Each structure stands twice: as C-alpha cells, then as structure tokens.
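One structure is given here, and the rest of the page talks about it.
The values are calculated or read from the model by the stated rules, or taken from the named source; none is laboratory data. Computed from a predicted structure; not experimentally measured. Note: ideal-geometry Cβ built from the backbone for every residue, glycine included; neighbour counts use all protein chains shown. To get the accessible areas, we keep the full protein, side chains included, count just its heavy atoms, and leave off ligands, DNA and RNA. Shrake-Rupley method; radii C 1.70, N 1.55, O 1.52, S 1.80 Å.
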Amino acid sequence: MRLAVLTGGGDAPGLNAAIRAVVRRALDGNHEVIGLRNGWLGLLNGDVVPLTRDSVSGILPRGGTILGTSRTNPFKAADGGPRMLETIARLGIDAIVAIGGDDTLSVALKLHAMGVRVVGIPKTMDNDVPGTDYTIGFDTAVNVVMEACDRLHTTAEAHHRVMIVEVMGRDAGWVAGIGGLAGGADVILVPEVPFTIEDVCQIVRRRHERGRTFSIIVVAEGAKPADFGMPITQDARVDEFGHVRLGGVGALLAREVEARTGHETRVTVLGHLQRGGSPTVFDRVLATRLGVAAVEALEAGKDGVMVAVQGTKIVTVSLQEALAGTNRLDLQLYQLSRLFH
Ligand code: F6P
C-alpha cells in the first residue's frame, strides 16, 4: 500500500511517536508512506513529504509534529472534497492514517463515506474522544498540571494566598479533574459540573476557618460559572470548525474570590505549556501501540475505524462511535476529588 499520514488539530506530545510507529510498521510490511503537511491542508494542496526510516529517526521523544498541523476544515471550501480526491488519485494514495481529535476524525469519516480508506488515531490532550480510554497527549498534559500544582502549593503556602490554575478543557474536564486530583487541588471546576462563585468562596472560607491559610483552585477553561451562564471567551472569533477561543475564567474567579473573601488571590494560566515538550512514558507507549495498530488494521482490510485503547487492550471502533458526542469526565472520579475539598 501507499499510505499517507497526517496530524490535525491542536498538537499534543506523542504525535511524533505515533508517526514513527506508523512509518516503521508500514516499512516493515513493505508499504510506502508519505506525510501530508499541516493536517488536511496537505491533502487539499498536495503538500506532501516522503517518510523513510531516516526521516523518523530520533523523533520519539520530540513534542510537536514533524508534519506540522492546522485546524483546516477542508469541507469549508465548496471544492474541498473533489480537490482531496484529486490529490489522492494523483499521488496514488491507497489509505490515510489521520491522527487527531474529533474535528480531524469528522473529516476522516466524511472522506470514508466518499470511498476513501481511512483509519483514525485518537489524539488530544483533552481526552474527550469517545470509544477510547485515553488519547495521545493527555497523560503528558496532566503531568504538567500536577507539577504546576506542586509548585504553586509552596508559594501559596509561603504567601498565604489563593492560587487559581486555569487549564485547557473546552467541553470535558479530564485535564482539570485528573491533573487537579493528582496535584492535591482544594477545588476543581469542570465544564460538566455547574458551580457558582459563591460556592468556591465558601470552600476557601471553610479552609481558613479550619486553619488553612492557602488554597489551590484548578479550573478548566470551559467551566461555566452559573452566575454567568456561559463559558468565558477571549473574543467572538471562531475557528474553521466553529470553536470560540476560550480563556479568562481564571482571572474572573481570581478577582471575585479576592473581593468576596478578602484573601489575596493570584492566577496562573497554563495554556500551551500543557501541549508542549516531551511526551511521558505513557504517551510514548500509547502512541507507539496505536500507530502500529493503525497499519495492522489497514492490512487486515479494515477502514472507517479508529484504533483505541480499552482497558489494557488495543481495539478498533467505528469512526461513527468515535464521533458520537464527547467523552466527558467520569463523575465518580470527580466525586472522589470532592472528598479533599
Ligand atoms: O486541543 C484542544 C485544545 O487543547 C482545547 O482544550 C483548547 O481550547 C484549544 O485546544 C486551544 O488551542 P489553540 O490555542 O491551539 O487554538
């Protein structure tokens, strides 16, 4: 087969590990691999690069993606579909391995409906893709959140402050929930569970009554204070998949908590630090297993599927299943964290 591989959407540590695994397993099966540059844009424009053993040598520990990425939605252009089919025919591409989250995989599903062989690999630090227990990049992101909480604990304690940590997570609170639990956060706020600013202030006041002079609050960017009824956005612009740019809930909370409790409050926005740098052991191994599984699925005649991890096993699920809504934070895990509020 002549395979094409791409990385789409927001980057996440482990993408290069997945590309390397796809290439090494494909070459081992006597297939050829080309890389599509910058996500679906590469397929639209025929912007490709041959991938050899040499081109993937040494990339396992590197963050980012050697192929580049973009949030291009090729179906935004009226001629997007035909243009992609033309590239596929011209370059003799037999199948595509699409590494991405829900937006990238939704394009994969549409292409599959047009007769193209596609296999998806789930990647997003948000961990919100249905059908898989974990997505590439999530473990590295929660390790960043955990380390930030550890560091903020010492300075919060020294200054007797409330520290607010704003983390990514548009619709799902996995990063805030798991990162906050591991980092010993005193309050965790996620998109799935409505809260009021007054609830948060009450927890801070109670801690002070019990003799604690500092608090750590982890808030997902998509968490919605009921007082506002909507997520806090940076501006009204949307990307090609219709997403607004979130951000600002941490600063809003910091202002309100300080004004209402009288305790000095600071905010740290972790932002893209959560998506940068070298992948953890877990993400490297997950990406390697999924990359190999994607090629093996194609060899076995499967397509229109996503490779996934369920428990300790690598499985395939249909792209439809992978795109059925959002994998939201397990609320039992969230309840567990409340014990430590
Ligand atoms: O990859 C998903 C995500 O991490 C979201 O949690 C976040 O809202 C978004 O990406 C921000 O990405 P960017 O700033 O790259 O558009």
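The magnitude of the dipole of the chain, with charges of +1 and -1 set on the Cβ of Lys/Arg and Asp/Glu and taken from the Cα centre, is near 360 debye.
With respect to the chain, whose longest principal axis is taken over its alpha-carbon atoms, helix 80-91 is tilted by about 50°.
Working note: Karplus 6.51/-1.76/1.60 with θ = phi - 60° gives segment 250-266 the couplings x, 5, 4, 4, 4, 4, 5, 5, 5, 5, 8, 9, x, 9, 4, 9, 10 Hz, where Gly and Pro are set to x.
Sorting the segments 87-97, 1-11 by their residues' average number of neighbouring beta-carbon atoms within 10 angstrom, most packed first, yields 1-11, 87-97.
With the charge dipole of the chain set up from +1 on Lys and Arg Cβ and -1 on Asp and Glu Cβ about the Cα centre, the Cα lying farthest toward the positive end among the listed residues Leu3, Phe340, Val167 is that of Leu3. Evaluated with a Cβ-only charge set (Lys, Arg +1; Asp, Glu -1), segment 140-276 carries a dipole of roughly 300 debye about its Cα centre, given to the nearest 20. Using C-alpha pairs below 8 Å separated by at least 6 residues, the relative contact order for the chain is 22 percent. A simple count of charges around Ala223, restricted to other residues whose Cβ falls under 13 Å of its Cβ and scoring Lys, Arg +1 and Asp, Glu -1, yields -3. Averaged over its residues, segment 140-276 has an accessible area of 43 Å² per residue, based on protein heavy atoms and a 1.4 Å probe. Reachable lysines from Lys313, Cα under 29 Å, same-chain residues fewer than 8 places away excluded? Output for Lys313: Lys110, Lys123, Lys302. Around the amide H of Val162, modelled in the peptide plane, lie the amide H atoms of Ser215, Glu264, Thr265, Arg266, all under 5 Å away and 5 or more residues distant in sequence or on another chain. Taking each DSSP H run with n ≥ 4 as -39500 (n - 2.57) and averaging over every residue of the chain yields -12000 deg cm²/dmol at 222 nm. Considering only protein heavy atoms and a probe of 1.4 Å, how much of the accessible area of the chain is carbon and sulfur, as a whole percent? Looking at the chain in its full context, I get 52 percent from C and S. Distance from the alpha carbon centroid of segment 276-325 to that of segment 32-90 works out to 19 angstrom.
Can you tell me the orientation of helix 15-28 relative to the chain, as the angle in degrees between its alpha-carbon axis and the longest Cα principal axis, to the nearest 10? Relative to the chain, helix 15-28 is tipped by roughly 20 degrees. Just going by the charge dipole of segment 1-156, with Lys and Arg at +1 and Asp and Glu at -1 on Cβ, which of Val107, Gly14, Asn45 is farthest out on the positive end? Highest projection toward the positive end goes to Asn45. I need the shape label for segment 1-79. Rule: rounded when a/c is under 1.5, else prolate if a/b > b/c, else oblate, with a, b, c from the alpha carbon gyration tensor. Taking the square roots of the gyration eigenvalues as a ≥ b ≥ c, segment 1-79 is oblate. Relative contact order of segment 111-228, taken over Cα pairs closer than 8 Å and 6 or more residues apart, is 27 percent. State the extension gain, in nm to one decimal, for the chain segment bounded by Phe228 and Lys313, taking 0.36 nm per residue of separation less the distance between their alpha-carbons. Result: 26.4 nm gained on full extension.
Amide H contacts under 5 Å for Leu246: Gln234, restricted to partners 5 or more places along the chain or on a different chain, H placed in the peptide plane at 1.01 Å from N. For segment 27-97, the relative contact order comes to 34 percent (Cα pairs under 8 Å, sequence separation of at least 6). Scalar couplings 3J(HN,Hα) for segment 118-134, obtained by applying the Karplus form with A = 6.51, B = -1.76, C = 1.60 to θ = phi - 60°, are 9, 10, x, 10, x, 9, 4, 5, 6, 6, 10, 8, x, x, 9, 6, 9 Hz; x denotes Gly and Pro.
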